[in-house]
1. Kindly establish whether Glu73 is out of contact with any Gly (no Cβ under 6 Å at 6 or more places or on another chain) and over 27 Å from Ile8 (Cα atoms).
2. Scanning region 1-50 for residues that are among the aromatic types (Phe, Trp, Tyr) and closer than 20 Å to Leu83 by Cα, which turns out least open to solvent (accessible area, probe 1.4 Å)?
3. In region 2-23, which residues are polar (S, T, N, Q) and assigned to a helix (DSSP H, G or I)?
4. Just to be sure, is Gly79 closer than 23 Å to Thr97 by Cβ, at pLDDT 90 or above and not aliphatic (A, V, I, L, M)?
5. How many residues, within region 60-95, are in contact (Cβ under 8 Å) with a residue 12 or more places away in the chain and in a strand (DSSP E or B)?
Amino acid sequence: KISGQSQIKYFHNIAHDGSLAPLLGFLQISQMVWPGMGAEVVFELYSKSSSQDRHASSQSYFIRVLWGGQPMETSTPLGLLDLVPVDDFFSYVESMTGSGNDLLAACNS
């Protein structure tokens, strides 16, 4: 979506509690609980256009992660996952997992 290559507005994926629990652990939810029936984690992408002058404009992207319908509170340096700059979120993920190139190299070794 950020690259402008996709027209998808909504994507839905279904998982079991055993899949959601590691995701909650990775995101370091502030109060860890086992996800119950119907639990959901929602990732929302927002954009904001800004223009410095009438000839130049830039797009900023933000991510919000909802848990139980509310922005997720984490114990990560990101804190509340409510309109976090997407570059900050991706930097955090990369700091925990390594870069995409690192992961590909590890899988191929």
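1. Working: out of contact with any Gly (no Cβ under 6 Å at 6 or more places or on another chain): yes; over 27 Å from Ile8 (Cα atoms): yes.
Here the answer is yes, as Glu73 does meet what is asked.
2. Going through region 1-50, the residues among the aromatic types (Phe, Trp, Tyr) turn out to be 10-11, 26, 34, 43, 46.
Next, from what is left, pick out any that are closer than 20 Å to Leu83 by Cα: 10-11, 26, 43, 46.
Values: Tyr10: 161, Phe11: 160, Phe26: 63, Phe43: 96, Tyr46: 85 Å².
The extreme case among them is Phe26.
3. Pass one, region 2-23, residues polar (S, T, N, Q): 3, 5-7, 13, 19.
The answer is Ser19, and nothing else.
4. Working: closer than 23 Å to Thr97 by Cβ: yes; at pLDDT 90 or above: yes; not aliphatic (A, V, I, L, M): yes.
In short, yes.
5. Residues that pass the stated criteria total 12.
The values are calculated or read from the model by the stated rules, or taken from the named source; none is laboratory data. All values derive from a computational prediction rather than experimental measurement. Heads up, the Cβs are rebuilt from the backbone with ideal geometry, glycines too, and the neighbour counts pull from every protein chain shown. Heads up: the accessible areas ignore ligands, DNA and RNA and are worked out on the full protein's heavy atoms, side chains in. Shrake-Rupley method; radii C 1.70, N 1.55, O 1.52, S 1.80 Å.
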